[in-house]
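J.: This is the structure I have questions about; it appears just below.
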Amino acid sequence: MLKKVIALCLSAMIWSTALVGTAAADAPEPFTVEFSFEDVNPCTGEPHVITIELVIRERVHKNNFVATVRASGSTSDGYTMVSGSETVVETKKGVNARFMDRWVGEDGSKFQARGSFGLNFETEKLRKDTFVLRCIGR
């Protein structure tokens, strides 16, 4: 479920930023996106609701569109995101994205979500698609 939500958010971000194309060259102000979804806590196996806020900065660098994202968030079972980042790079040939979020619970338990994907525009096929959600202990 989390993988689908992340992919959907990345796709929405890419398409929304593609609409502002030339405006990105002028280094616009960062904007914020917030969303919530239900998933399973990898440390407890119990369902929880995750709320994430993304602060997105866009720019054009050497004719490539680049979006950097700083994330923060919390869960309904007491976890707080302690670090979250994402990078999306779009070139004429395709788009590559990667993210990593680390979370810590009130009891000191921790989990990590990380992933990446690459899409080739010419073939319209994914070059890579990875996602790992794991408990990393105390």
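Since every read-out is calculated from the coordinates, none of them should be taken as a lab result. Given the structure is predicted, the values throughout are model-derived calculations rather than measurements. Cβ: placed from backbone, ideal geometry, glycine included. Neighbour counts: every protein chain shown.
J.: Given R₀ = 22 Å, what would the calculated FRET efficiency be for residue 120 paired with residue 89, taking r from the Cβ atoms and rounding to 0.05?
T.: Working: r = 13 Å, r/R0 = 0.61.
E between residue 120 and residue 89, to the nearest 0.05, is 0.95.
J.: Describe numerically, in nm with one decimal, the distance between label points set 7 Å from Cα along Cα→Cβ at residue 132 and at residue 40.
T.: 1.9
J.: So how do 124-132, 90-98 stack up, highest first, on mean other-Cβ count within 10 Å?
T.: Details: 124-132: 11.8, 90-98: 16.4.
Final packing ranking: 90-98, 124-132.
J.: What residues qualify as long-range amide H neighbours of residue 109, i.e. H under 5 Å apart, gap of 5 or more or another chain, H built at 1.01 Å from N?
T.: Close amide H contacts, sequence-distant or interchain: none at all.
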